[in-house]
Amino acid sequence: MLELSYIRRSPEEIISRLAIKNFDAKPVIEEILAIDEKRRSIQTTLDGILAQLNKASKEIGELYKAGKKTEGDALKATTGKWKEDITTLEGEMKKFESELQAKAVLLPNTPHSSVPKGKTPEDNEIVHTEGAIPELGEKALPHWELAKKYDIIDFETGVKITGAGFPIYKGKGAKLQRALINFFLDKAHEAGYIEIEPPILINEDSGFGTGQLPDKEGQMYFVNEDKLYLIPTAEVPITNMYRDMVLDATTLPVKNCGYTPCFRREAGSYGKDVRGLNRLHQFDKIEIVQIRLPEESYKALEEMKTYVTGLLKSLHLPYRILKLCGGDMSFASALTYDMEVFSAAQKRWLEVSSVSNFETFQSNRMKLRYKKDADKPALAHTLNGSALALPRIVASLLENNQDDNGIRIPEVLVPYTKFEYIN
């Protein structure tokens with residue numbers, strides 16, 4: 001959520017920057033400023049009455065001490081009316097504060113100055129491409145056919161048990177999943193991330209804190225009886241660990257990672273691009289989260305981008321890095337890089353990671369602050385990234401590494417799988 005002080009100070013700048021996200025902020029900002037003016041006027045009146053009441057309270061005591069009961073009683077009666085006015089004004093303040101909150105949450109985060117203009121993924125900027133794209137023979141199969149051939153992923157039984165988008169991993173397929181999870185967690189540990197095993201159900205406050213609510217409510221699974229949501233990513237519970245906290249600046253950066261299953265309704269998804277593992281309702285992912293000082297957050301974003309691409313290199317997957325245009329960015333992000341790997345049998349790029357800097361957008365919603373020495377607490381910057389999401393990594397590994405002997409396992413995973421081939 002954008003800070004109210006920023007909206008007051010720079011409304012035209014916000015309108016201009018949000019136009020990069022193809023969002024017309026002018027009507028919302030005008031409403032926010034009008035409500036804020038009313039609220040501030042009431043606050044001024046309320047502060048004046050409170051000052052009068054404080055002064056009168058002292059005078060009443062002095063009048064009674066001086067034997068001036070009549071004057072004391074009259075002033076006391078006046079303060080009674082002031083107290084009624086204070087109650088009324090405080091009720092109006094709460095009303096306007098609620099209206100301000102309702103309007104402020106409609107504004108997306110302002111994009112970083114480097115974010116390119118654009119409306120669709122085709123407008124994203126390719127900033128780097130690396131790795132040789134495998135040349136597969138005519139008999140090469142897409143991963144959903146390889147999964148059936150080697151009996152490692154069962155899509156049909158998953159449909160029977162739950163529905164489309166809930167596959168079952170079997171035998172060496174399940175071992176490959178577990179190998180990737182452990183490999184990614186071990187690499188995160190080496191990079192200084194503290195492992196967290198968070199809940200996979202969150203309350204509404206947590207969903208609001210990281211920006212999933214109310215923006216993505218329709219994409220989340222909801223447990224109605226308990227008013228809880230299944231997490232779309234470990235970012236949500238891990239970042240919310242620090243909600244309503246003031247961190248000592250000397251403890252920053254905070255670097256956490258976590259493995260969780262993730263749940264996304266992906267309403268309206270259909271067609272060839274969602275076959276097999278390309279788009280699921282339940283999938284496994286390792287997430288990395290950082291909390292940084294504002295002056296360090298963009299350096300941290302570059303470090304996270306480098307870290308993720310290092311994982312892709314170790315798996316020998318050809319990849320490219322995209323800087324997302326304004327129209328393809330998330331509601332809460334200020335700058336996002338997507339990492340895509342090339343799926344040789346499908347002959348297309350698949351997104352496997354996003355790393356994002358949210359600046360103060362999430363921390364303002366969560367009241368997550370840091371304190372330096374005698375300075376007043378200030379909002380921290382939050383960042384997160386996939387490191388990595390498993391389904392499309394598995395899809396690419398299966399397709400790119402198929403040969404006459406089966407499917408070759410990348411060397412770095414063999415100590416985890418205990419086998420070199422799926423055959």
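The values are calculated or read from the model by the stated rules, or taken from the named source; none is laboratory data. Computed from a predicted structure; not experimentally measured. Note that each Cβ is placed from the backbone with ideal geometry, even for glycine, and that neighbours are counted across all protein chains shown. Heavy atoms of the whole protein, side chains included, go into the accessibility calculation; ligands, DNA and RNA do not. Shrake-Rupley method; radii C 1.70, N 1.55, O 1.52, S 1.80 Å.
Here's a check for you: in segment 311-328, which residue that is of a type in the set (A, V, I, L, M, F, W, C) and farther than 17 Å from F183 by Cβ is nearest to the chain's Cα centre (by Cα)?
As a first pass, look at segment 311-328 and keep what is of a type in the set (A, V, I, L, M, F, W, C): 311-312, 315, 317, 321-322, 324-325.
Keeping just the survivors that are farther than 17 Å from F183 by Cβ gives 321-322, 324-325.
Numbers: I321: 19, L322: 18, L324: 15, C325: 17 Å.
Here the answer is L324.
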(request) For segment 39-65, name all the residues that are of a type in the set (K, R) and under 23 Å from E99 (Cβ atoms). (result) R39, R40
(message) If a residue counts only when it is in contact with a Phe, Trp or Tyr (Cβ under 7 Å, 6 or more places away or on another chain), which strands (runs of 3 or more DSSP E) contained entirely in segment 315-423 have at least 2 such residues?
(response) 319-323, 335-343, 348-357, 381-389, 406-408
(request) Name the helices (runs of 4 or more DSSP H) wholly inside segment 1-76 in which the number of residues that are modelled with pLDDT under 95 and either over 22 Å from F331 (Cα atoms) or open to solvent by 40 Å² or more (accessible area, probe 1.4 Å) (or both) is 2 or more. (result) 26-65
(request) Assess whether T260 counts as being touching a residue at least 12 places away in the same chain (Cβ under 8 Å), out of contact with any Asp or Glu (no Cβ under 7 Å at 6 or more places or on another chain) and either open to solvent by 40 Å² or more (accessible area, probe 1.4 Å) or not basic (K, R) (or both). (result) yes
(request) Give the residue, chosen from V289, V246, that is within 28 Å of R369 (Cα to Cα), among the β-branched types (V, I, T) and touching a helix residue (DSSP H, G or I) at 6+ places or on another chain (Cβ under 9 Å). (result) V289
(message) Tell me yes or no: at least one residue of segment 264-271 is in a loop (DSSP other than H, G, I, E, B) and surrounded by 18 or more Cβ atoms within 10 Å (Cβ to Cβ).
(response) yes
(request) Being open to solvent by 70 Å² or more (accessible area, probe 1.4 Å) and of a type in the set (S, T, N, Q) is the filter here, so list the residues in segment 293-319 that pass it. (result) T306
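Results for (1) under 22 Å from T417 (Cβ atoms); (2) among the β-branched types (V, I, T); (3) more than 23 Å from the chain's Cα centre (by Cα), shown as yes or no for each residue.
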site	(1), (2), (3)
H143	yes, no, yes
L146	yes, no, yes
Y150	yes, no, yes
I161	no, yes, yes
G173	yes, no, yes
P199	no, no, no
I202	no, yes, no
(message) Suppose the filter is more than 30 Å from T110 (Cβ to Cβ), buried (at least 24 other Cβ atoms within 10 Å of the Cβ) and in contact (Cβ under 8 Å) with a residue 12 or more places away in the chain; does A395 pass it?
(response) yes
(request) For segment 270-278, state whether one or more residues are closer than 26 Å to K216 by Cβ and under 18 Å from the mean Cα position of the chain (by Cα). (result) no
(message) If I ask for residues that are buried (at least 20 other Cβ atoms within 10 Å of the Cβ), within 25 Å of the chain's Cα centre (by Cα) and touching a residue at least 24 places away in the same chain (Cβ under 8 Å), which ones from segment 329-349 would you list?
(response) M329, A332, S333, A334, L335, Y337, D338, M339, V341, W349
